[in-house]
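The values are calculated or read from the model by the stated rules, or taken from the named source; none is laboratory data. Every value quoted in this text rests on a predicted model; they were computed, and no experiment measured them. So basically every Cβ, Gly included, is an ideal-geometry build from the backbone, and we count neighbours across all protein chains shown.
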Amino acid sequence: MEVVWKRQWGLLVWFSVMIQFFLLSHCHLKYPQGSFSSSSFFSVVGSVAFQEEPIESGDEQWHCENHCVTSYGNLRGIKYHGVENLLDDGLDRDDRGYWDCSWEDVNGSNSKQSMILGDRFQVIMQTNNQVEVSFKTTWKSSDPLPALNVDKRYVMLSGSSGFYTYAIYERLKGWPGMFLWETRIVFKLSQKWFQYMAISDTRQRIMPTIADRERGQSLAYPEAVLLKNPMNSELEGEVDDKYQYSSESKNDRVHGWISLNSGIGFWIITPSYEFHAYECSLHWSSSKCYIENGEPWKKVFGPVFIHLNSVSDKTKATSLWGDAKQQTWKEIVSWPYSFPHSPDFLKSDQRGSVIGQLSVQDQYLKVGNGPARFAHVGLAAPEDARSWEYQTKGYQFWTRTDEHGNFYIKAVLPGAYNLHAWVSGVMGNYMYEATVTVTPGSVTKLPPLVFKPPRDGPTLWEIGIPNRHAAEFYVPNVTKNINTLYLEQDKFRQYGLWERYAELYPENDLVFTVGTSDYAKDWFFAHVLRRLPDGKFKATTWQIVFDLPKVDKAGTYKLRLVLAAAHMAEVQVRVNRRDAIRPDFTTGPTGRDNAIARHGIHGVQRSFTAALPGSLFVNGRNTIFLHQPRNQEAFQGVMYDYIRLEGPPQSTH
């Protein structure tokens, strides 16, 4: 179906639609004549009728292609501001803009990638101000597809500089179990027009083309290539790797591309990340979104806003980023939207809110007691007592406290939740002991909340800051395979940093001496393996050297070991006996977040406490050995968030 709006409003969107009409060999949709002021981007008009001949009304035309037998609700093209198609029309028409998902059946076979193709089309709403269309797909047991019903929606509003899309995923009771790895909406933009990508104020640049990548040299994994003879000679010798452009959901409210030669911007705006609270990806951790046999499930993904903007002076095309940020704020303050017509997307009056105050109480903490300033506070379904980070199927609602520890979580869907919190600079995670129940239109006021962090004794020494990441540690400069965007910022995003460890420590592993070493200079940000000349990898052992003037031999010391990331790794702890066969403590095999390879600075946080008898220590100089023994491949290792040694309770060290 070609959907052509009056050209004075500048935007054209083509859909591929599958519609079955048993008695017609051709079918056409007509919207009667109607329009808005020239300030509008769209003309949204009239009722729907089916005719046997093409219908044209001025500049308007709706047309079902291919004799009504193909198409699935995928976007074939977007015309805007004189450009015939912003999408890549060199691709197959159903491979330009689409929803898809990665999944496995209940038997856990290899992950499959499936495009979500609608088999039923319906106009949900049609007025002079709004059109909402639906493309539904219904699962059949004979289908080699994920056991999901999906309702894809597209919404166009009068005067809006773009369009909205969202999808309702549903599984009925009795359906077979499945794993859902991830789901997404994809727009493949024309390389002819779009060369410049913007993620944040400081992460913007001209990007290489697909052809540049094809000419490049493959590196350690397919996503990373060394550019050779690129069309833009300034990119010569740089690394291109998609993982260098990842962002945390809380920071990724808007991202997009700019056409420098046409002065057009294409942006995806996410006004709320409540639906991002699903861990369906190996890019993040080893957890899968597992929906059990017979378990009913429903979730709304979106809406997100596809924002288009333009500037007449093409030399100022990069200023479109500022406009996109302003539009993002408008979308955020409009959430939850009032216009989606699916009853599964709840409006403001169907939601509730939660207010409260959080404080920190730690008798051994010198700084940080009192109001939990600027803490992260959130609601998550009580489906997993371990952590909100392991949630997979539901929604989450997060906010930050003010300087007095007050918080207000708004627009919460009705239901029962656990309340979680964490405070930068304070070890541990808080969870309110009672279930928080939210009802439509309610304001739930909680009693004063007190976070008592994990603690058994006084701090003897600590390394790092408990902030859930490893950015405060030493991240080296790269000596080759550079991305110039990260020479002065976010250096951890550079390719190949795992190889720099062996260059900095060619013979002996890292030794950190408490009191003289500086973790910002002397603690490598990732505990990685050492590559040997034959290509194999050697396990590494780090040392923490410290003094204890007087050991309490009858007491128990606690080593708090908090990992910011881990991938197929293990940390073994030995006290003063490097070669002891059995470690004094081990984390056991842990993690699959692959943050080292994917240029992250954290994955899923994991906390461990080693109870160490005083008999292991000596008066004077002591050494704790941290051994990472698993050495099958390059990216096995951990990132530390925070390490603390506590003395026995009431210790006077």
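Checked across the stretch 397-406, the condition of being of a type outside the set (Ser, Thr, Tyr), on the phi > 0 side of the Ramachandran plot and free of Cβ contacts under 8 Å to residues at least 40 places away in the same chain holds for no residue. Within the stretch 410-430, the residues that satisfy the criterion of being surrounded by 20 or more Cβ atoms within 10 Å (Cβ to Cβ) and not in a loop (DSSP other than H, G, I, E, B) are Val412, Tyr417, Asn418, Leu419, His420, Ala421, Trp422, Tyr430.
Among the conditions (1) more than 28 Å from the chain's Cα centre (by Cα); (2) farther than 20 Å from Ser517 by Cβ, Ala595 misses just one, which is (1). Of all residue pairs spaced 6 or more apart or on separate chains, those with beta-carbon atoms under 8 Å, a first member in the stretch 464-475 that is closer than 19 Å to Phe374 by Cα and a second member that is part of a loop (DSSP other than H, G, I, E, B) and among the acidic types (Asp, Glu) are Ile465/Glu472. For the stretch 520-545, a residue qualifies if it is under 27 Å from Leu616 (Cα atoms) and in a strand (DSSP E or B), and the qualifying residues are Phe524, His527, Thr540, Thr541, Trp542, Gln543, Ile544, Val545.
Scanning the stretch 351-364 for residues that are surrounded by fewer than 16 Cβ atoms within 10 Å (Cβ to Cβ) and assigned to a loop (DSSP other than H, G, I, E, B) yields a count of 3.
Among the residues of the stretch 172-194, just one is among the small types (Gly, Ala, Ser) and either in a strand (DSSP E or B) or buried (at least 21 other Cβ atoms within 10 Å of the Cβ) (or both), namely Ser190.
So which residues in the stretch 152-166 are of a type in the set (Gly, Ala, Ser) and part of a strand (DSSP E or B), if there are any at all? Before you say what the answer is, go through the steps one by one.
Initially, the stretch 152-166 is screened for residues of a type in the set (Gly, Ala, Ser), giving 158-162.
Across the stretch 152-166, the qualifying residue is only Gly162.
Within the stretch 546-585, the residues that satisfy the criterion of being closer than 19 Å to Ile463 by Cα, among the β-branched types (Val, Ile, Thr) and either outside any loop (DSSP other than H, G, I, E, B) or not assigned by TED's automatic domain parsing to the domain that holds Asn467 (or both) are Val562, Val573, Val575. Only one of the numbered conditions (1) under 23 Å from Asn309 (Cβ atoms); (2) touching a Leu at 6+ places or on another chain (Cβ under 7 Å) is not met by Gly82, and that is (2). Among the residues of the stretch 318-339, is any crowded, with 20+ Cβ neighbours inside 10 Å, in contact (Cβ under 8 Å) with a residue 12 or more places away in the chain, small (Gly, Ala, Ser) and not assigned by TED's automatic domain parsing to the domain that holds Trp422? The answer is yes; a qualifying residue exists. Screening the candidates Glu403, Glu462, Glu433 for the property of being among the acidic types (Asp, Glu) and in a strand (DSSP E or B) yields one hit, Glu462.
Among residues belonging to the stretch 436-476 that are basic (Lys, Arg) and surrounded by fewer than 16 Cβ atoms within 10 Å (Cβ to Cβ), point out the one that is farthest from Gln361 (Cα to Cα). Here the residue is Lys445.
Here is a list: Gly368, Gly378, Gly394. Which entry is within 29 Å of Glu182 (Cβ to Cβ) and at pLDDT below 95? Walk me through how you get there before you give the answer.
Numbers: Gly368 fails: within 29 Å of Glu182 (Cβ to Cβ); Gly378 fails: at pLDDT below 95.
Going through Gly368, Gly378, Gly394 in turn, just one is within 29 Å of Glu182 (Cβ to Cβ) and at pLDDT below 95: Gly394.
What do you reckon, is Ser161 in contact with a helix residue (DSSP H, G or I) (Cβ under 8 Å, 6 or more places away or on another chain) and assigned by TED's automatic domain parsing to the domain that holds Gly97? Talk me through it step by step, then tell me what you get.
Values: in contact with a helix residue (DSSP H, G or I) (Cβ under 8 Å, 6 or more places away or on another chain): yes; assigned by TED's automatic domain parsing to the domain that holds Gly97: yes.
In short, yes.
Against the conditions (1) modelled with pLDDT under 90; (2) buried (at least 19 other Cβ atoms within 10 Å of the Cβ), Ile116 satisfies every one except (1). Entry remark, the stretch 228-244: residues being more than 17 Å from His599 (Cβ to Cβ) and in contact (Cβ under 8 Å) with a residue 12 or more places away in the chain number 8 in total. When Asn293 is tested against (1) closer than 30 Å to Val106 by Cα; (2) at pLDDT 95 or above, just one condition goes unmet, and that condition is (2). Restricting attention to the stretch 170-211, the residues that are modelled with pLDDT of 95 or more and acidic (Asp, Glu) add up to 2. Can you say whether Tyr169 is outside the structural domain of Asp119 (by TED's automatic domain parsing), closer than 29 Å to Asn594 by Cα, under 22 Å from the mean Cα position of the chain (by Cα) and not in a helix (DSSP H, G or I), as far as the supplied structure shows? The answer is no for Tyr169.
Looking at Asn622, Asn631, which is the one that is assigned to a strand (DSSP E or B) and modelled with pLDDT of 95 or more? Please lay out each step first, then the result.
Numbers: Asn631 fails: assigned to a strand (DSSP E or B).
Of the residues listed, the single one that is assigned to a strand (DSSP E or B) and modelled with pLDDT of 95 or more is Asn622.
Right, Leu91: in the same structural domain as Ser190 (by TED's automatic domain parsing) and either surrounded by 15 or more Cβ atoms within 10 Å (Cβ to Cβ) or within 26 Å of Gly159 (Cα to Cα) (or both) or not?
Numbers: in the same structural domain as Ser190 (by TED's automatic domain parsing): yes; either surrounded by 15 or more Cβ atoms within 10 Å (Cβ to Cβ) or within 26 Å of Gly159 (Cα to Cα) (or both): no.
So Leu91 does not fit the description; no.
Quick check, is Val377 surrounded by 19 or more Cβ atoms within 10 Å (Cβ to Cβ), closer than 29 Å to Pro453 by Cα and not assigned by TED's automatic domain parsing to the domain that holds Arg153? Let's see the steps before the verdict.
Working: surrounded by 19 or more Cβ atoms within 10 Å (Cβ to Cβ): yes; closer than 29 Å to Pro453 by Cα: yes; not assigned by TED's automatic domain parsing to the domain that holds Arg153: yes.
The answer is yes for Val377.
Report the residue count in the stretch 490-507 for those that are assigned to a loop (DSSP other than H, G, I, E, B), at pLDDT 95 or above and farther than 16 Å from Ile596 by Cα. Residues meeting the conditions: 1.
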